[in-house]
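I have placed the structure first, in the form of structure tokens, so that the comments after it can refer back to it.
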Amino acid sequence: MLFSEIIGQQEIKNQLIRTVSEQRIPHAQLFRGVEGTGKLPLAIAYAQYICCENRTATDSCGVCPSCLKFNKLAHPDLHFVFPVIKPQSKTVVCDDFIADFRKMVISETYFGVNQWFAYIADDKKQGMIYANESEEIMRKLNLKTYEAEYKIMDLPPGTGDIHLTLVQTLGITGAVVVTTPQDVALADARKGINMFTGEKVNVPVLGLIENMAWFTPSELPENRYYIFGKDGGKKLCEELNIPLLGQIPLVQSIREGGDNGQPVAENTDTITATAFTDLARKVVERVNFRNENQAPTEMVKMIR
């Protein structure tokens, strides 16, 4: 699907193209809007542009092997999760409906969710994404990528079932722990680090990021106010002998960029963008160092 095939949205298209040309593709993007505005085709066109082997300054080429796969929505790095209607007494996942979904997207690009439900079922049942879909997501994350260098998964705080399931399903290269400086957050960070580095799990911790390390008002860019405490993450790194990857300030522009769908790192002349760029560089360096000096991580084996 080409950008040129999508009605309107030129400003958003330009923003998406810029993330590729400047090599600042976020690990996740949220496409939000009212039904019928073309969120799904825009997301597909963006994915195709990223993977295109001969992209131009404005669009995918449409004819390279990658684009030909995208034309059929069958590229091996393109995965879909969507609501489905489960037949009685049967467990289903999205891939059970993938042929119908591809057909629907190709033939009725701007379809709505109720049209989709009517397409796959004659009755008026409402669809949903079922819990067992999480296992499929994990399986797909474990697949080798054809184009991307890294796979990144954002996990909730703590040491719950999601974390344990992840280390039993994937051989994780390493973990990056994110914390704020206050004691209650540091306690969670400590638990996470201890879990990953424990003998039974043994996942390398690449480093720690101290988020909201201080507050800097836009009108006083040189001032720092330590609302959540000072250097809590830095001190934890020193205590546990792990690298401090970065200290990210609490700045209003970060929130505004998230709301507007424009990552603050795109504004390359700002202090905040520099902080994120340095952070990304350090993470890559730590991954490379880990891979050069340690054996691949093995999945945790359950003993019954």
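The values are calculated or read from the model by the stated rules, or taken from the named source; none is laboratory data. Note that this is a predicted model, so its numbers are computed, not measured. All Cβ positions, even for glycine, are placed from backbone atoms using ideal geometry, and neighbour counts span all protein chains on display.
Out of the residues in segment 55-93 that are assigned to a helix (DSSP H, G or I) and over 24 Å from the mean Cα position of the chain (by Cα), state the one that is modelled with the lowest pLDDT.
Pro65
Sort out which residues of segment 1-24 are surrounded by 14 or more Cβ atoms within 10 Å (Cβ to Cβ) and either farther than 25 Å from Ser107 by Cα or β-branched (Val, Ile, Thr) (or both), and write them in order of number.
Of everything in segment 1-24, those that are surrounded by 14 or more Cβ atoms within 10 Å (Cβ to Cβ) and either farther than 25 Å from Ser107 by Cα or β-branched (Val, Ile, Thr) (or both) turn out to be Ile6, Ile12, Gln15, Ile17, Thr19, Val20, Arg24.
Being closer than 21 Å to Thr197 by Cβ, touching a helix residue (DSSP H, G or I) at 6+ places or on another chain (Cβ under 8 Å) and surrounded by 12 or more Cβ atoms within 10 Å (Cβ to Cβ) is true for just one of Val283, Val300, Val264, Val251. Which residue is that?
Numbers: Val283 fails: touching a helix residue (DSSP H, G or I) at 6+ places or on another chain (Cβ under 8 Å); Val264 fails: closer than 21 Å to Thr197 by Cβ; Val251 fails: closer than 21 Å to Thr197 by Cβ.
The conditions single out Val300.
Taking segment 173-213 only, how many residues are surrounded by 19 or more Cβ atoms within 10 Å (Cβ to Cβ) and acidic (Asp, Glu)?
Residues in segment 173-213 being surrounded by 19 or more Cβ atoms within 10 Å (Cβ to Cβ) and acidic (Asp, Glu): 1 in total.
Pairs only if they're at least six apart or on different chains, beta carbon under 7 angstrom, first in segment 80-95 and closer than 9 Å to Tyr130 by Cα, second basic (Lys, Arg) and outside any strand (DSSP E or B); list them, first residue then second.
Taking only residues 6 or more apart or on different chains, the pairs are Val92/Lys86.
Got a sec? Which of Glu210, Glu238, Glu256, Glu285 is outside any loop (DSSP other than H, G, I, E, B) and farther than 20 Å from Gly174 by Cβ?
One residue alone meets the criteria, Glu256.
Name every residue in segment 1-54 that is assigned to a loop (DSSP other than H, G, I, E, B) and aliphatic (A, V, I, L, M), in order of residue number.
Hits for segment 1-54 are Met1, Leu2, Ile6, Ile7, Ile25, Ala28, Leu30, Val34.
Examine segment 159-167 for a residue that is at pLDDT 75 or above and either in contact with a Leu (Cβ under 8 Å, 6 or more places away or on another chain) or assigned to a strand (DSSP E or B) (or both), and state whether such a residue exists.
Yes, segment 159-167 has at least one match.
When you scan segment 104-116, do you find a residue that is loosely packed, with under 14 Cβ neighbours inside 10 Å, outside any helix (DSSP H, G or I) and under 26 Å from the mean Cα position of the chain (by Cα), even just one?
Among the residues of segment 104-116, at least one is loosely packed, with under 14 Cβ neighbours inside 10 Å, outside any helix (DSSP H, G or I) and under 26 Å from the mean Cα position of the chain (by Cα), which makes the answer yes.
Could you check how many residues of segment 26-53 are surrounded by 11 or more Cβ atoms within 10 Å (Cβ to Cβ), within 18 Å of Gly257 (Cβ to Cβ) and of a type in the set (Lys, Arg)?
Of the residues in that region, 0 qualify.
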